[in-house]
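Nothing in this text is a laboratory measurement; each read-out follows from the coordinates by a stated rule. The model shown is predicted, which means the values in this text are computed figures rather than measured ones. Because the Cβ atoms are built from the backbone with ideal geometry, glycine has one as well, and the counts that use them run over all protein chains shown.
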There are 2 protein chains.
Amino acid sequence: MTLNMPKRTFAMIHFTFLAENDCLSSGITGTIDAFSVANLYWQAIMKNTTPLFTTEIVTPDGKMVKTNGGIMIMPDRAMADITETDLVVIPGLFKPFDIQGKRFAQISEWITSHYDSGTRLASTCTGTFLLGRTGLLDGKIATTNWQYAALFKKSFPLVDLRINRIFTEDSGIYCAGAATAFMDLCLYFIKKYGTSELAKNCAKSMLVDHDREEQTPYMVQDFWKNHSDEIVLNSQLYMEDNFSKKISINSLSQDLGLSPRHFKRRFKKATGENPLSYLQLLRVEQAKKQLETTQKSFNEITWDVGYEDINSFRKLFRKHTGMSPKEYRKRFSWS
Amino acid sequence: MTLNMPKRTFAMIHFTFLAENDCLSSGITGTIDAFSVANLYWQAIMKNTTPLFTTEIVTPDGKMVKTNGGIMIMPDRAMADITETDLVVIPGLFKPFDIQGKRFAQISEWITSHYDSGTRLASTCTGTFLLGRTGLLDGKIATTNWQYAALFKKSFPLVDLRINRIFTEDSGIYCAGAATAFMDLCLYFIKKYGTSELAKNCAKSMLVDHDREEQTPYMVQDFWKNHSDEIVLNSQLYMEDNFSKKISINSLSQDLGLSPRHFKRRFKKATGENPLSYLQLLRVEQAKKQLETTQKSFNEITWDVGYEDINSFRKLFRKHTGMSPKEYRKRFSWS
């Protein structure tokens, strides 16, 4: 007797994209174009005339919006006119800072009510800030554009931000990292709702590599100085000027007239990092620059940035970049 | 005495994007979003309030167009209302087949008159078909979406198509390959009109790798059968069924009742390839599939696809994919 395995069935998935003034429309149009390619292959492979993905664009009031770069997009309808959809996508906003105000309060309510009734959510790039504002991400895993990691942590401390990830999924909420990370999420959806074979065809068709899991390699560390603690700021500037020498955090705190414990607490509060890991990040960042722009050996670079033990610095480098110095140089040195 | 080298000056570059019904708008919006990021960095680095890139969207008649996937875009103006611009960009068309008709004749005239007065041109993805139609590419180097290579060659035999390239430049005409290849062209423009440093910052900011020069690795060979030569079609089907065995083109032509010379000529006329290179392509394609989906060694695969000499097949494989079997497996095998 053989078991009768249920045959996998495929349903049509409906995506709703929220376009808003100043949003990065490429996250919307790029996803819709990718889904068109998926549908084309799907219908050819499956001998099926039903598309796998259907899409629509909404705006808060159903009127045209002026997206980043002055691109004017006319939506299919107003967000309130959607009764049922499978997934709502929030694209990045070019400047994610100003999401207070009445219009965003309405968007936030609309997102929440959809999520509460079972609709899944996705954000791309800085769109995660808008999801953060709803509170739905509190206690959940998320990612966003790596350049806004520090701001995101400050704005939404209850979210479990995994900034290294190129996309995340938690309880029906998907987040993609910076800019083109939406393509990685697209391939994930095409694989999830279609098949692995379909996703592979689409990746080749669109010249996309499928195996990116991290935005870590692309990240340039953000050294947060937008705070009002002058003593901490002075210590940051001191480290920036002297990272190539031996720096003792204890001596540094004494020079600043603080106990090491007090200094560490204030440093962490102002910058989000411990002094020691801040110094490590500075050194890794300097090593990345040297790998990108010089022909120096990693041994020389290790010395230049204030380390003596090449092996421990190599480990640290891998931890923060996701790759070896050699791999990093190959990928990021420009002619 | 030292020579006074003239300091490089930077001018603002104006890009005009032609949006048309059924075009792939992601090539437009993605480029505009990338240029916004470039402007942001530019203004931060250069302490300069002038943006490096300015952009606008036009349509044939100045009216809204419905691009691929039903995305409605309102242009800034009609194409005829542009008096001066630096570069006109033609995005891909979802189905590049139907570019005859009056509307495309007008577009073609408009493109030509801009080129004649010194405006540079760029096409992304299948937009190259529209540039092909103008005749401006005749005798020039171009690329397009690799999936339409055979159709392009048939439609525009005078164009020097370099389908392996991810983008090309010849006499002020730029072409980008499939889908996301426009990002590679964007980085090129950012480097050309800005600096290498600026392009690097943008690449990291948008999670884009900068070192892609070929679309070859992504290509799946197109085995052209859309012709009316039944004898050639039979020989194609025979090769597809028997590529794992030894196949002699001479015996095959005799079996089909043709002289080898006559057979080769007819085969080439119908498919665009010689019978022998067609057979090689079939075998390389089969090897790619096996590398993607099995754990077999390249030695075993070489035998499976009808070759005996692993070294010569390895060479052939590299010629057609731009990488070694090991690199290919690493990049394209999916879990």
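Can you list residues from other chains, or at least 5 along the same chain, whose modelled amide H is less than 5 Å from the amide H of residue B:54? For residue B:54, the qualifying residues are B:13, B:14, B:15.
Once you reduce the range A:202-258 and the range B:114-155 to the center of their Cα atoms, the two points are 46 Å from each other.
Write down the percent of antiparallel bridges among all DSSP beta bridges whose residues are both part of the range A:13-218, to the nearest 5.
Details: 10 of 31 bridges.
Once the DSSP bridges in the range A:13-218 are tallied, antiparallel ones form about 30 percent.
Percent antiparallel among DSSP beta bridges with both residues in the protein assembly as shown, to the nearest 5?
On the way: 23 of 64 bridges.
Percentage antiparallel, nearest 5: 35.
Kirkwood-type hydrodynamic radius, the range A:13-218: 17.0 Å, calculated from all non-identical alpha-carbon pairs.
Over chain A, dividing the summed -39,500 (n - 2.57) contributions of all DSSP H runs of at least 4 residues by the number of residues returns a 222 nm mean residue ellipticity of -14000 deg cm²/dmol.
Ordering B:282, B:24 by the number of other Cβ atoms within 10 Å of each residue's own Cβ, fewest first, gives B:282, B:24.
Highest GNM mean-square fluctuation, chain A, Cα pairs closer than 10 Å: which of A:262, A:210, A:320? Result: A:262 has the largest fluctuation of those listed. Along the range A:148-155 the Karplus relation, 6.51 cos²θ - 1.76 cosθ + 1.60 evaluated at θ = phi - 60°, assigns HN-Hα couplings of 10, 4, 5, 5, 5, 4, 5, 6 Hz to successive residues, with x for each Gly and Pro.
Taking 7 Å steps out from each Cα toward its Cβ at residue B:245 and residue B:12 produces label points 7.1 nm apart. Of A:188, A:148, B:218, the sequence from fewest to most neighbouring Cβ atoms within 10 angstrom is A:188, A:148, B:218. Each residue of the range A:184-201 was assigned a 3J(HN,Hα) from its phi angle through the Karplus curve 6.51 cos²θ - 1.76 cosθ + 1.60 (θ = phi - 60°); the sequence is 5, 5, 3, 4, 4, 5, 5, 6, 5, 8, x, 9, 4, 4, 4, 4, 5, 4 Hz, with glycine and proline shown as x. Inter-copy label distances for residue A:244: 6.3 nm (label point placed 7 Å from Cα along Cα→Cβ; shortest first). Would you kindly calculate the translational diffusion coefficient of the protein assembly as shown, applying Stokes-Einstein with the Kirkwood radius from alpha carbon pairs, for 20 °C and a viscosity of 1.002 mPa s, and quote it in µm² s⁻¹ without decimals? For the chosen part, D equals 78 µm²/s. Of all chain A residues, the closest to the A-onto-B rotation axis by Cβ, with that distance in whole Å, is A:29, 2. Amide H to amide H distances under 5 Å link residue B:77 with B:57, B:59, where only residues 5 or more positions off or on other chains count and H is placed in the peptide plane. Between this copy and the others, label points of residue A:44 are 4.1 nm apart in ascending order, each placed 7 angstrom from Cα in the Cβ direction.
May I ask you to sort A:129, A:182 by Cβ crowding, counting other Cβ atoms within 10 Å and putting the fewest first?
Working: A:129 26, A:182 29.
Listing A:129, A:182 from fewest to most nearby Cβ atoms yields A:129, A:182.
Shape annotation for the range A:214-292: C-alpha extents along the principal axes are 38, 25, 17 Å, from largest to smallest. Under 5 Å between amide hydrogens, built in the peptide plane, is the criterion, and for residue B:93 it picks out B:24, B:126, B:127 among residues at least 5 positions away or on other chains.
Distances between equivalent label points of residue A:226 across the copies, with each point positioned 7 Å along Cα→Cβ, amount to 5.2 nm, shortest listed first.
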